[in-house]
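**Student:** Here's a structure for you.
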Amino acid sequence: MRDTDLFQLALGLSAPWTVTRSTFDAEGGQLDLHIDFARGSRFACAACGREGCAVHDTREETWRHLDFFQHRTLLHARVPRVTCPACGVRKVATPWARAGSGFTLLFEAYVLALAKVMPIANAARLLGEHDTRLWRIVAHYVWRAVEALDLSDVRQIAADETSARRGHDYISLFVDMAKRKVVYVADGKDAATVKEFADFLEAHGGSREAVTDASIDMGAAFEAGIKDNFPNAEITFDKFHVIKLANEAVDQVRREEARNNFQIKGRRYIFLKNVDHLTQEEKEALSQLEAQNLDTTQAMQIRMNLQQLFTMAPKAARRFLDRWNTWVEVSDLGPMKKLAMTVMAKAEGILRSIATGLSNGVLEAINGNVQAAKRKAKGYRTKRNLKAIVYLIAGDVLANSPT
Ligand SMILES: [Zn+2]
């Protein structure tokens, strides 16, 4: 077998395309494969699909392909333009690459596989390419897949914000709870993002009316947005956000008390961690503090008690919540009272999360993955790039490889 036949087979080329020549530069570490077509070949029009169009002229093009062992591999071909009776002079489609890419489809598929598991800058270094060229590949396939998303079966959704960059710059993630995938990423974290998502959902085969549940945080923005845009959605406030709010209240009590009590200073974590997760030393410090009947330990007990709510059966949970509220009301702790007021105002949605078992747990995990990717990438130059990566890793929009 000649080397050109071998490469032709390996590339999966069929008539009229053939590998006519290969040159290998061992010192430069490069393999060049030259592809051509037989004189008199006819091609389909890339625009309308009409077969048998005559060649008008050709232009030499080059694509980077997967490495041959450790050697950079380039494909070269003269790409014909044909005369189509309907469309005029048109470039033909090459079976190994999409128009204008500069990379073969297999190379692009490899880039996408890397993009799922490492920052683009790292993939660029590994492949010896400039990262803007790789971003172009990622953007092409991700946005094409997002455009093609079918959201006709979305019924239960969850929404949460995550930081996009330093400071107060956020994106909002909307998740299909059944598939546990991000299906929409919006700029910002206000009620308008919910409307944007509702419009996107309907542009992709879904329906506002079909959404039955929405799991969100207790901020006013998402709640207003859900009420305005999803008329049939029951709102649930999930455990993660309730506990987060409770932790913030405990921390506020601690800060106030720490002004007059040096023993509490620098002990923040003792009060925020679950007791099971404390070290022996921390446990001893905690029981010493408990003996002093501090506001902070009382606040912590209120928080731990609230946490138990989420282990209960729905009916018992309602009674438990009322008792918890009575207890907090007679305490003398401003931040905890404020917490109890919020919790009781949102009690319907909180208790519903216990009944339905819906939680933003999947979103918490997704948030973690997004923030980890962001850290590893040392941030993203544009928000659009960040969004593309969210769709790629948390939306899994390219679960089926494009090639
Ligand atoms: Zn045509």
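**Student:** Being touching a Ser or Thr at 6+ places or on another chain (Cβ under 9 Å) and either of a type in the set (S, T, N, Q) or under 17 Å from D396 (Cα atoms) (or both) is the filter here, so list the residues in the stretch 160-185 that pass it.
**Tutor:** Within the stretch 160-185, T162, S172, L173, F174, V175, M177, Y184, V185 qualify.
**Student:** Can I ask one more? May I ask you to list pairs of residues, at least six apart or on different chains, whose Cβ atoms are under 6 Å apart, with the first in the stretch 221-233 being modelled with pLDDT of 95 or more and among the β-branched types (V, I, T) and the second being outside any helix (DSSP H, G or I) and open to solvent by less than 30 Å² (accessible area, probe 1.4 Å)?
**Tutor:** Final answer for the pair search is I226/A214; I226/A233; I226/I235.
Rundown of residues vs (1) β-branched (V, I, T); (2) in a helix (DSSP H, G or I); (3) open to solvent by 10 Å² or more (accessible area, probe 1.4 Å), yes/no style:
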site: A210; (1), (2), (3): no, no, yes
site: A214; (1), (2), (3): no, no, no
site: A221; (1), (2), (3): no, yes, yes
site: G225; (1), (2), (3): no, yes, no
site: D228; (1), (2), (3): no, yes, yes
site: F240; (1), (2), (3): no, yes, yes
site: N247; (1), (2), (3): no, yes, yes
site: R255; (1), (2), (3): no, yes, yes
site: N261; (1), (2), (3): no, no, yes
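**Student:** From the list S353, S331, S359, which one is in contact (Cβ under 8 Å) with a residue 24 or more places away in the chain, farther than 21 Å from D131 by Cα and in contact with a helix residue (DSSP H, G or I) (Cβ under 6 Å, 6 or more places away or on another chain)?
**Tutor:** S359
**Student:** Let me ask something additional. Quick one: what pairs do we get from the stretch 67-90, first residue within 30 Å of A26 (Cα to Cα), second within 14 Å of the ligand (Cβ to nearest atom), C-beta under 7 Å, 6+ apart or different chains?
**Tutor:** Cβ pairs passing all conditions: V79/K91; V79/V92.
**Student:** Of all residues being open to solvent by 10 Å² or more (accessible area, probe 1.4 Å) and touching a residue at least 12 places away in the same chain (Cβ under 8 Å) in the stretch 147-159, which is nearest to E209 (Cα to Cα)? Just the residue, please.
**Tutor:** R155
**Student:** Another question about this same structure. Considering every residue within the stretch 27-39, establish whether at least one is open to solvent by 40 Å² or more (accessible area, probe 1.4 Å), at pLDDT below 95 and over 30 Å from L126 (Cα atoms).
**Tutor:** Checked against the condition, which is being open to solvent by 40 Å² or more (accessible area, probe 1.4 Å), at pLDDT below 95 and over 30 Å from L126 (Cα atoms), the stretch 27-39 yields at least one hit.
**Student:** Taking the residues in the stretch 368-384 that are among the basic types (K, R) and part of a loop (DSSP other than H, G, I, E, B) as candidates, determine which candidate is least open to solvent (accessible area, probe 1.4 Å). I'd like the intermediate steps shown before the answer.
**Tutor:** Restricting attention to the stretch 368-384, the residues satisfying the condition of being among the basic types (K, R) are 374-376, 378, 381, 383-384.
Then drop every residue that is not part of a loop (DSSP other than H, G, I, E, B), which leaves 378, 381.
Details: K378: 180, R381: 158 Å².
Taking the candidates together, the pick is R381.
**Student:** Restricting attention to the stretch 75-93, and to residues there that are among the charged types (D, E, K, R) and within 18 Å of A38 (Cβ to Cβ), which single residue is nearest to the ligand (Cβ to nearest atom)?
**Tutor:** Looking at residues that are among the charged types (D, E, K, R) and within 18 Å of A38 (Cβ to Cβ), I get R81.
**Student:** Something else now. What residue, of V370, V343, V328, is within 23 Å of the chain's Cα centre (by Cα) and on the phi < 0 side of the Ramachandran plot? Before the answer, list the steps.
**Tutor:** Details: V343 fails: within 23 Å of the chain's Cα centre (by Cα); V328 fails: within 23 Å of the chain's Cα centre (by Cα).
V370 is the lone residue from the list that is within 23 Å of the chain's Cα centre (by Cα) and on the phi < 0 side of the Ramachandran plot.
**Student:** Taking interchain pairs and intrachain pairs at least six residues apart, which have beta carbon atoms under 6 angstrom, with the first residue in the stretch 290-319 and within 18 Å of V253 (Cα to Cα) and the second among the β-branched types (V, I, T) and exposed (fewer than 15 other Cβ atoms within 10 Å of the Cβ)?
**Tutor:** none
The values are calculated or read from the model by the stated rules, or taken from the named source; none is laboratory data. Since the structure is predicted, the reported quantities are computational estimates derived from the model, not experimental observations. Cβ: placed from backbone, ideal geometry, glycine included. Neighbour counts: every protein chain shown. Ligands, DNA and RNA are excluded from the accessible area calculation, which covers all protein heavy atoms including side chains. Shrake-Rupley method; radii C 1.70, N 1.55, O 1.52, S 1.80 Å.
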